[in-house]
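> Here's a structure for you.
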Amino acid sequence: MNRVLITSIIQLPITKSKFIRCITNQCVLIVWLCACQYAKAQQKNFVIPDSLESKDYEYFNKNIRYNEQDSSKELLYAHSWLTKAKKEKNFDQMAMAYKVLIYKSNLKLQLKYSDSMVTAAKKTTNIELIGSAFMTKGIIYYDLKEHKKALDYYLIADGYISKTNNQYLIYKVKYVVALIKLYLGFYHEAIALFKECVNYFKDENDRAYLNSLHSLGLCYNHIGKYKLSSQMNQMGLSEGLRLKNLEMQYYFIQSEGVNQYFNHNYSDAVKKLTIVLPSLKRNKDYANETLAYFYIGKSYWSQKLQEKALPYFKKIDEAFQKQNYIRPDLREAYEILINYYKQKNDVEHELYYVRNLLKVDKLLFKDFRYLSGKIDKEYDTKELLQTERNLKPSTKYGIIAVCIVITSLVTMLVLFINRHLKNKKLFKELMNRRPNTHKPLISGDSNKETELDISPEVVAAILKNIEKFELKKKYLGKDMTLRKMAILLNTNTKYVTKIIARYRGKGTIEYISDLKIDHIVELLKNENKYRNYTNKALGEEAGFGSTQNFTRAFNNRTGLSPTYFINKLKNQ
């Protein structure tokens, strides 16, 4: 191929200067083509060029810039580095070479190279390198939006890195785990981690510092602390200018645009979100691009500009169809579209978005099954499936099928109305319930004390301690048990059980659980910030050992789910 090119140049009737320029250009082209040929990621019989044969590992490391992802020259260096390490069976250097190839390759090859990096790292005794390899694999899965796999590898990485003194890697693990917590809705837990990362990375890594500020601002927005969110965004913009690192500037602008929507400054929200769209498209950041479309649509919708809002809501469905990308907060776009076309009597479009919402819910349930109770749905799966069937145009069914459908609908309607009325009644009763519904703890009934087979003096002392236990909210202790309570009351478990049963009419566990739930109910009724807490966070606030125990106890005590109660409070 090279001989043909040179021969063709010699045969041209051109001047000497033109000939030299042409020769030079063609040689550059030949060198570039050779570099590309060497840099093929899957070339099995790669041979290190003579010019690089004598180079050491430090040379390769110094000549690779990780931000130049399309550099064929650097791919040549990376493959030479890997080939040299394989030949010398240097697994540390093999792992490092694979990491370079990960940064220089597309997502499809990244997973392959990450597997090889982990394999090579595990053959060394360097736990930092092994932890870093697993973290790299987790980051790849996070970029692929496979958050569960990402979290699995982050936790494996933490198992290795936590045994080292490498503070940078330790805080890097904290950051990526915080990102997962943010995605899953554990905002308060994520905030604590992001604050640590901000303080550490401020003097260690400019980009990581700015990323941590941005993520912290997102968390504040999710829990309704819009002023704090704006402060983080403004700080991020200022710090970016100070550090001369402008990579995150438009992300802070986008975050503030979302924040302005929640502050009801809809025009400002649209302006800021529209400004950042070109940058997001240029970076192929479809996740944040989709988020921008959603809040532009929400801003127009809130201004009663429905026709302007609809194209932006449809972008959410386009992202789901093309990228299989969706988040719980973006789900609302489908509900808006379904209701819009329902009001327009446009059955075809209504059916289309109902079907797609079913697919969305299936995917969300798969990713969030242990958080599925947190996702507030206006349409549950059964109702959506029934709606889909009802909307399908069909002439096949006779009068029997019609009767079955009508009967099913009537039954569902009756059940729904009964459930709605029951929940409404329970909510009203709960709102009217006084903070302390317990009867006074008065000792003096000698018959009761005789039945208890406990001396009156001991009963009186225990009752007094129970009043202090309730007044000082000692029941909020983590996993409060009968034994712990007995210690706090300066008595034994037998006496506690008998006295609680006699004077409260309950078992001890039920008594403690009801006190915890009553406390949470009052917090939700009187302080708005708790209405933005997850069930997990509320459970921890009350001292429950698990989210499941909290939601079960809440339902047993009130007859309602925490999610229903919070939504009713928000809608008041």
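> Looking at Lys468, Lys439, which is the one that is in a loop (DSSP other than H, G, I, E, B), open to solvent by 70 Å² or more (accessible area, probe 1.4 Å) and either within 23 Å of Glu522 (Cα to Cα) or modelled with pLDDT of 85 or more (or both)?
Lys439
So that you can scan it fast, the table gives a plain yes or no per residue for (1) open to solvent by 20 Å² or more (accessible area, probe 1.4 Å); (2) farther than 14 Å from Tyr160 by Cβ; (3) of a type in the set (Ser, Thr, Tyr); (4) in contact (Cβ under 8 Å) with a residue 24 or more places away in the chain:
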site: His79; (1), (2), (3), (4): no, yes, no, yes
site: Lys84; (1), (2), (3), (4): yes, yes, no, yes
site: Tyr103; (1), (2), (3), (4): yes, yes, yes, yes
site: Ile130; (1), (2), (3), (4): no, no, no, yes
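> Of all residues in segment 175-212, which are open to solvent by less than 10 Å² (accessible area, probe 1.4 Å), closer than 22 Å to Val258 by Cα and in contact with a Lys or Arg (Cβ under 8 Å, 6 or more places away or on another chain)?
Passing the criteria: Gly185, Ala190, Tyr209.
> Going by what's in this entry, would Thr551 be described as closer than 25 Å to Lys424 by Cα, of a type in the set (Val, Ile, Thr) and more than 29 Å from the chain's Cα centre (by Cα)?
no
> From Ser215, Ser230, which residue is buried (at least 21 other Cβ atoms within 10 Å of the Cβ) and either of a type in the set (S, T, N, Q) or closer than 23 Å to Gln167 by Cα (or both)?
That would be Ser215, the only listed residue that is buried (at least 21 other Cβ atoms within 10 Å of the Cβ) and either of a type in the set (S, T, N, Q) or closer than 23 Å to Gln167 by Cα (or both).
> Evaluate segment 41-56: report whether one residue or more is open to solvent by 60 Å² or more (accessible area, probe 1.4 Å), of a type in the set (D, E, K, R) and at pLDDT below 75.
Yes: one or more hits.
> Tally the residues that are more than 20 Å from the chain's Cα centre (by Cα) and outside any helix (DSSP H, G or I), restricting the search to segment 285-330.
Summing the residues that are more than 20 Å from the chain's Cα centre (by Cα) and outside any helix (DSSP H, G or I) in segment 285-330 gives 3.
> Kindly indicate whether any position in segment 113-124 is open to solvent by 20 Å² or more (accessible area, probe 1.4 Å), modelled with pLDDT under 90 and farther than 18 Å from Lys284 by Cβ.
no
> Among the residues of segment 233-250, write down those that are in contact with a Lys or Arg (Cβ under 8 Å, 6 or more places away or on another chain) and surrounded by 16 or more Cβ atoms within 10 Å (Cβ to Cβ).
Met248
> Take the conditions within 30 Å of Leu524 (Cα to Cα), buried (at least 20 other Cβ atoms within 10 Å of the Cβ), in contact (Cβ under 8 Å) with a residue 40 or more places away in the chain and among the hydroxyl-bearing types (Ser, Thr, Tyr) and apply them to Tyr220. Does it pass?
no
> Let me ask something else. For segment 82-108, which residues satisfy the criterion of being at pLDDT below 85 and among the polar types (S, T, N, Q)?
Of everything in segment 82-108, those that are at pLDDT below 85 and among the polar types (S, T, N, Q) turn out to be Ser105, Asn106.
> Now a separate question. Is it the case that Thr491 is over 33 Å from the mean Cα position of the chain (by Cα), under 26 Å from Gly559 (Cβ atoms) and open to solvent by less than 60 Å² (accessible area, probe 1.4 Å)?
Judged against the criteria, Thr491 is not a match.
Residue by residue, here is whether (1) under 19 Å from Leu273 (Cβ atoms); (2) touching a residue at least 24 places away in the same chain (Cβ under 8 Å); (3) open to solvent by less than 50 Å² (accessible area, probe 1.4 Å) holds:
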site	(1), (2), (3)
Tyr300	yes, yes, yes
Lys308	yes, no, no
Lys314	yes, no, no
Tyr325	yes, yes, yes
Leu330	yes, yes, yes
Glu335	no, yes, yes
Tyr340	no, yes, yes
Val347	no, yes, no
Val354	no, yes, yes
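> How many residues does segment 251-272 hold that are open to solvent by 40 Å² or more (accessible area, probe 1.4 Å), in contact (Cβ under 8 Å) with a residue 12 or more places away in the chain and not aliphatic (A, V, I, L, M)?
Residues meeting the conditions: 7.
The values are calculated or read from the model by the stated rules, or taken from the named source; none is laboratory data. Quantities reported herein were computed from a predicted structural model and do not represent experimental measurements. A quick note on method: Cβ atoms are made from the backbone with ideal geometry, for glycine too, and the neighbour counts reach across all protein chains shown. Note: accessible area is taken over every heavy atom of the protein model, side chains too, but ligands, DNA and RNA are not part of it. Shrake-Rupley method; radii C 1.70, N 1.55, O 1.52, S 1.80 Å.
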